[in-house]
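Just below is one structure, and these are the notes that go with it.
The values are calculated or read from the model by the stated rules, or taken from the named source; none is laboratory data. Not measured: the values here are computed from a predicted model. Here the Cβ positions follow ideal geometry from the backbone for every residue, glycine too, while neighbour counts run over all protein chains shown.
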Amino acid sequence: MLANKQLEDIRSLQQICEAKENIELKLNWDSLRNRPDGQQNDFFQYDDNGKLLGYLALYTFGGPMELCGMVHPDHRQKGIFSKLFKEARNSLEKATKLLINAPANSRSAKSLLKSWPCTYSFSEYQMKRQATKVLAEVNPQVTLRNAVDSDLKFISYLDSVCFNIPEQEAIAFNKEIWAGENEPTFIVEYVGKEAGKIRIQKVDDATWIYGFAIEPSLQGNGIGRSALSQIVLNEQNKGIERVHLEVAAENEHALGLYKSCGFEPYGTQDYYEYNLNKL
């Protein structure tokens, strides 16, 4: 588990890097606050005065391993990130696929990745709901309930069929998430039968929506739109107006669904697949 001082240093460096390039880094703060013991997923470069100059983080979300990092703007072009990447090699040996995440408009990240053995894989939209948009009418046949242990199999099945995550990797990932659950997961039911899932995470004064999926055979019945509207209404009733989500850019169906519920893109994260044979 990361120490409070380390988390404070990461936050401070993140703010400096984001302000310099007008970007938003995806550091998955809930994961950082709940790092499992016995795993080396975080790599730091400090100067002699204890100032954090560079940071690299690894994440396992089921399927590929993801990597994100940053270097203080005043200390770039000094090989700091490459040094951190070398230190992470032992942890990367267990990866079957490695995706490097970088904000789409980060020129420093793009410049670095051009010299690395990696290729562009896909982009992910960060979306924010416009509070003035009218929500879709909620279908009373679509309900939400808190997920329980017996739902893990269904949740993993949806990750497999909706997000192309190998079944065994989805099961392992969801067991890990469940063990340290700090993000509520809801099961979407339609006419009393399980139809989908949705996970939410609180970050400061905002709510983020992740892993939203509807059983493919039930898509097109307005279930997803109604479930999403219920989540937004629930958060509004708690006084939370800022609701965000992420969706892969190539998922046009999901993108259209979210836009119909008042969500609009405001940022993009690009993912690059690293050639693991070059490790």
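Considering the range 51-65, and only residues there that are modelled with pLDDT of 95 or more and part of a strand (DSSP E or B), the residue that is nearest to K97 (Cα to Cα) turns out to be L58.
Could you check how many residues of the range 31-46 are of a type in the set (G, A, S) and surrounded by fewer than 16 Cβ atoms within 10 Å (Cβ to Cβ)?
Of the residues in that region, 1 qualify.
Residues checked against (1) surrounded by fewer than 17 Cβ atoms within 10 Å (Cβ to Cβ); (2) in the same structural domain as Y274 (by TED's automatic domain parsing); (3) modelled with pLDDT under 95:
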{"position": "K83", "(1), (2), (3)": "yes, yes, no"}
{"position": "R89", "(1), (2), (3)": "yes, yes, yes"}
{"position": "N105", "(1), (2), (3)": "yes, yes, yes"}
{"position": "S115", "(1), (2), (3)": "yes, yes, yes"}
{"position": "V142", "(1), (2), (3)": "no, no, no"}
{"position": "S150", "(1), (2), (3)": "yes, no, yes"}
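Touching a residue at least 40 places away in the same chain (Cβ under 8 Å), surrounded by fewer than 17 Cβ atoms within 10 Å (Cβ to Cβ) and over 24 Å from I165 (Cβ atoms): is that true of E21 in this structure? Considered against the rule, which asks whether it is touching a residue at least 40 places away in the same chain (Cβ under 8 Å), surrounded by fewer than 17 Cβ atoms within 10 Å (Cβ to Cβ) and over 24 Å from I165 (Cβ atoms), E21 comes out as yes.
Being closer than 24 Å to M1 by Cβ and either touching a residue at least 12 places away in the same chain (Cβ under 8 Å) or part of a strand (DSSP E or B) (or both) is a description that does not apply to G38.
I'd like the full set of residues that are β-branched (V, I, T) and closer than 17 Å to A57 by Cα, limited to the range 97-131. Listed by number, the list holds a single entry, I100. Within the range 171-200, the set of residues being within 15 Å of the chain's Cα centre (by Cα), farther than 25 Å from P140 by Cβ and buried (at least 18 other Cβ atoms within 10 Å of the Cβ) comprises F173, N174, I177. Of the residues making up the range 18-35, those that are in a helix (DSSP H, G or I) and under 20 Å from the mean Cα position of the chain (by Cα) are E18, W29, D30, S31, L32, R33. Every condition in (1) in contact with a Ser or Thr (Cβ under 9 Å, 6 or more places away or on another chain); (2) closer than 21 Å to N275 by Cβ; (3) not assigned by TED's automatic domain parsing to the domain that holds H75 is met by N146 except one, and the failing one is (2). Within the range 117-140, the set of residues being of a type in the set (A, V, I, L, M) and surrounded by 14 or more Cβ atoms within 10 Å (Cβ to Cβ) comprises M127, L135, A136, V138.
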